[in-house]
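*Asks:* Before I ask anything, here is the structure I am working with.
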Amino acid sequence: MRLPDLNDLMQDLQLAKQIAIEERNPNAIVIATMSQAKLLGIDKPVVRDVHADDVQTLSDLMDELASDEQVKSLTHEQ
């Protein structure tokens, strides 16, 4: 007996999902869909590649906010 491959598992889950649709069982539809997503590896968030040069330090961000507030306060006083 051979182990099922990815295609076999996807077909089984698609059949389970079709049965769940026919039986009007939304919970089973969601479970089958999420199981397919897990098998395909699309249930995880995508991690974005960040370069160290693109990252601001907290100090830089605070300085930027402070200067923005100073500009706003100057323009409101005039």
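The values are calculated or read from the model by the stated rules, or taken from the named source; none is laboratory data. Just so it is clear, the model here is predicted, and its values are computed rather than measured. Virtual Cβ from ideal backbone geometry, glycine too; neighbours counted across all protein chains shown.
*Asks:* Tell me, yes or no, whether the range 54-68 has at least one residue that is at pLDDT 80 or above, surrounded by 10 or more Cβ atoms within 10 Å (Cβ to Cβ) and under 30 Å from PRO4 (Cα atoms).
*Replies:* no
*Asks:* If ASN7 satisfies all but one of (1) surrounded by 10 or more Cβ atoms within 10 Å (Cβ to Cβ); (2) in a helix (DSSP H, G or I), what's the number of the condition it fails?
*Replies:* (1)
*Asks:* Condition first: modelled with pLDDT of 95 or more, surrounded by fewer than 10 Cβ atoms within 10 Å (Cβ to Cβ) and part of a helix (DSSP H, G or I). Can you find one or more residues in the range 15-23 that meet it?
*Replies:* yes
*Asks:* For a quick check of your reading of the model, give me the residue pairs whose first member lies in the range 3-30 and is free of Cβ contacts under 8 Å to residues at least 12 places away in the same chain and over 20 Å from GLY41 (Cα atoms), whose second is surrounded by 14 or more Cβ atoms within 10 Å (Cβ to Cβ) and among the charged types (D, E, K, R), with beta-carbon atoms closer than 7 Å and at least 6 apart or on different chains.
*Replies:* Close Cβ pairs (under 7 Å, with a partner that is surrounded by 14 or more Cβ atoms within 10 Å (Cβ to Cβ) and among the charged types (D, E, K, R)) do not exist here.
*Asks:* Give me the residue from the range 27-43 that is of a type outside the set (A, V, I, L, M, F, W, C) and loosely packed, with under 10 Cβ neighbours inside 10 Å and, out of that set, modelled with the lowest pLDDT.
*Replies:* Among those that are of a type outside the set (A, V, I, L, M, F, W, C) and loosely packed, with under 10 Cβ neighbours inside 10 Å, it is GLY41.
*Asks:* Only one of VAL50, VAL46 is modelled with pLDDT under 70, surrounded by fewer than 10 Cβ atoms within 10 Å (Cβ to Cβ), in a loop (DSSP other than H, G, I, E, B) and within 22 Å of the chain's Cα centre (by Cα). Can you tell me which? It would help to see each step written out before you state the result.
*Replies:* Details: VAL46 fails: modelled with pLDDT under 70.
Criteria check complete, one pass: VAL50.
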